[in-house]
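No lab work stands behind these numbers, since they all come straight from the coordinates. Quick caveat: nothing in here was measured; it's all calculated off a predicted structure.
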């Protein structure tokens, strides 16, 4: 599917750092670079969108749902890190290696894995503490 066909759904209202970063990271990828960002809380519209970040009350990677606001949410990055993830952290967890490869041009899995963990530790993790605000 051409990238211009994709739409990224997030909530309407005040824009927060976590969904802004999540959308930005997705738009670094070829499939999402031209994606329209749809800001709504209308569940009927959200249900039709191929990927959601920070909205919808569901975390389900196989269906591209990356919300962290639901009760009982406990997802962490792993690799010894225990901070609960925001939508940006969820997107990074699932797309981070691909983003690193695309942005850096690296193809060596070991180098990508090293950067993946270092970027999480040095940037994404610190933002999780600020960004995780379960409503």
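Worth pointing out:
- Separation of the stretch 113-127 from the stretch 1-79 is 20 Å, based on Cα centroids.
- Fraction of antiparallel bridges per DSSP, the chain only, in percent to nearest 5: 35
- By the helix-only formula, in which each DSSP H run with n ≥ 4 contributes -39500 (n - 2.57) and the sum is divided by residues, the chain has a 222 nm mean residue ellipticity of -11500 deg cm²/dmol.
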